[in-house]
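Notes for the one structure printed next.
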Amino acid sequence: MRKLFVLMATLLSVTMLMAGGNVAPQNAPVAPIEKSLCDTDGVYVDKVANLMWQDARYTDGEDGAFKRGGSVGKSGTHGYARNYCTRLNYAGHSNWRLPTSDELIAVHRLEGQVFVNFRGNPFWTSTPTTQNRYEVVFPADAYPYPRKANNSNYIRCVRCLNREN
């Protein structure tokens, strides 16, 4: 009987300890979210070239479309890229366009990484080559390479600073 009493007392004590009683929970402090994580209208302004560049976050869907050869958001075929930039209303402006090869090469040759949101894969330009191909520029080496228009590449739109809207 004594063993049963000790067992019951132990179980009751453990239950009371695990239940915790009437104690207010202490939540862990929450780290503040950086403004840049929430900023959807990021731009890079190149005052020397007089250009404003789209610098928006790339999504998982856009990365997937690039890898699978599809067209979603800021990645797709050349025709899709042209239409995307032409129809883009971003950062309060609607006069965006696909950059030329020279413009994209120049911005990637600047010292340091000027874009907050970047990819190491090729970006479309509006510069045609031959046989239904257009130049793409790799950020790593800032050199142009011809690509078939139906390939999927990343898109970064640009606009002239001296133009309204």
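Annotations
- Residues Ile105, Ile155 arranged by fewest to most Cβ contacts within 10 Å: Ile105, Ile155
- Going from the residue with the fewest nearby Cβ atoms within 10 Å to the one with the most, Tyr84, Tyr58 rank Tyr58, Tyr84.
- Each residue in Lys74, Lys148 was given a count of other beta-carbon atoms within 10 angstrom of its own, and listing them fewest first yields Lys148, Lys74.
- For region 47-140, applying the loop criterion from DSSP together with a ceiling of 14 other beta carbons within 10 Å to the GluC sites (Glu not before Pro) yields Glu111.
- Convex hull volume of region 38-160 per residue (C-alpha atoms, cubic angstrom): 96
Every read-out reported here was derived from the displayed coordinates using simple, explicitly stated rules and does not represent laboratory data. Quick caveat: nothing in here was measured; it's all calculated off a predicted structure. Positions of Cβ are backbone-derived with ideal geometry, glycine not excepted, and every protein chain shown enters the neighbour counts.
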